[in-house]
Each structure stands twice: as structure tokens, then as C-alpha cells.
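Heads up, the thing below is written out as C-alpha cells.
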Amino acid sequence: MLRAGGKYMSRIGRMPVAVPKGVNVTVNGNTVTIKGPKGTLTKEFHKDMKIELDNDVITIKRPSDDKLHKSLHGLTRSLVNNMVIGVTKGFEKALDVSGVGYRAQKQGKKLVINLGYSHPVEMEEPEGITIEVPAPNKIIVKGCDKQAVGECAAKIRSKRAPSAYLSNNAVKGIKYEKEVVRTKVGKAGAK
């Protein structure tokens with residue numbers, strides 16, 4: 001979108017963030033605290049970005065058209081929007097566990113996964129994150145902080161990333177629910 005003077009303006013950065021009912025927003029300089037039904041999130045943003053709250057609408061303004069300020073403008077708006085979504089709806093990532101004998105289960109606040117190693121892999125549930133195991137081959141990570149949910153899901157996936165090589169025409173390992181694993185053919189037998 002061209003602005004007067006031929007300069008490009010951030011499409012995401014200039015969009016206001018609407019604050020829904022039941023959400024309390026506090027802006028203290030560059031620190032934003034958002035409280036909602038799913039929890040409370042606090043984040044400190046770059047000192048150059050101006051964050052304003054007016055009539056349940058959050059707007060982000062940048063001081064100049066520098067490359068850094070342009071990139072921070074859209075980033076700051078996206079992060080604030082994710083905080084609002086997180087405290088109202090929350091975020092979740094689903095993982096599929098596939099492989100012979102591979103399964104997951106919850107033991108109190110611990111996630112225990114059998115992944116073909118000599119011992120089961122145990123992981124503590126991080127603070128602010130809820131891990132659910134609705135079925136032995138499905139793990140759901142939930143929370144109000146999008147970054148923390150993504151990091152926790154990536155950590156679980158890294159315990160046994162999906163193998164690109166097929167074994168019995170099935171991909172083995174932990175993968176995201178909608179992740180497509182491009183498979184490779186294994187070595188052919190010697191003639």
C-alpha cells in the first residue's frame with residue numbers, strides 16, 4: 001500500500017487490535033499486561049514502539065520509516081494480537097505419535113512417551129502449559145502463550161522426529177498433526 005510520498009506502510013502494523021469484553025489491558029510505557037479468562041500475559045516491547053490504549057483499541061505507532069522500525073511495527077502488533085487471542089481463546093498444537101509400540105500417557109503432571117528407546121521418555125509439564133493425551137497416539141499442548149506452546153510442542157517432537165524413511169509403509173516418530181513428511185525409499189537389496 002503506497003502512502004503519500006511513495007513510501008510503503010506496514011499493512012499489519014497499522015491495523016488496530018480490538019480488546020474483547022472481559023479482557024483487561026494495562027500499558028505501562030512499553031510493557032503490556034493483558035488479563036483474560038485463560039490467564040495473564042506480560043511482555044516488554046522495543047523502546048521505540050509507541051503502544052497506546054484508547055476505548056478498548058490498542059494501536060502501535062512507529063517513530064520513523066527506518067527499516068528496523070518498519071519491521072518492529074508489524075512484529076509488535078502481531079505479538080500484542082497474539083497476547084489478546086491467547087488470554088481469550090488460547091493456543092493449541094496437536095502431535096501424532098506413530099510407530100510400533102510408540103505411545104504416550106500422562107502420569108500426574110508428567111508426560112511419559114515410549115519411543116522405542118530402552119527407557120520411556122519423561123517430560124515435566126512447563127508452567128502455564130497443559131499437556132493432554134486423549135489417545136495413546138495423540139498429544140495436545142495447550143496454553144495462552146503462543147511461543148511457549150510452540151516451544152513445548154517442538155521439544156516433544158524433538159524426542160523422536162519423524163523418519164523420512166518408510167518402515168512397513170508408515171512414518172515412525174512424533175509429528176505435528178497436519179505436518180506432511182516427505183518420505184524416501186530405503187536402500188534396495190543387493191543383487
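Throughout, read-outs are computed from the coordinates displayed, never taken from laboratory work. Just so you know, these numbers come straight off a predicted model, no measurement behind them. All Cβ positions, glycine included, derive from the backbone under ideal geometry; neighbour counts span all protein chains shown.
In straight-distance terms, cross-link reach from LYS89 covers every one of the aspartates and glutamates whose alpha-carbon lies under 13 Å from its own, apart from those fewer than eight places away in the same chain; here that gives ASP145. Averaging the Cα positions of each part gives two centres, and for segment 13-57 and segment 90-136 these lie 33 Å apart.
Across every pair of non-identical alpha carbons in segment 58-191, the mean reciprocal distance, once inverted, gives a Kirkwood radius of 17.3 Å.
A simple charge model with +1 on the Cβ of Lys and Arg, -1 on the Cβ of Asp and Glu and nothing else charged puts the dipole of segment 72-167 at about 160 debye relative to its Cα centre.
Partners of LYS178 within straight-line reach, counting lysines whose Cα lies under 19 Å from its Cα and excluding those fewer than 8 residues away in the same chain: LYS93, LYS138, LYS142, LYS146, LYS155, LYS159. Rounded to the nearest 20 debye, the dipole magnitude of segment 1-149 is 500 debye, with +1 charges on Lys and Arg beta carbons, -1 on Asp and Glu beta carbons, and the Cα centre as origin.
Helices in the chain, meaning DSSP H runs of at least 4 residues, each add -39500 (n - 2.57). Divided by all residues, the mean residue ellipticity at 222 nm is -6000 deg cm²/dmol.
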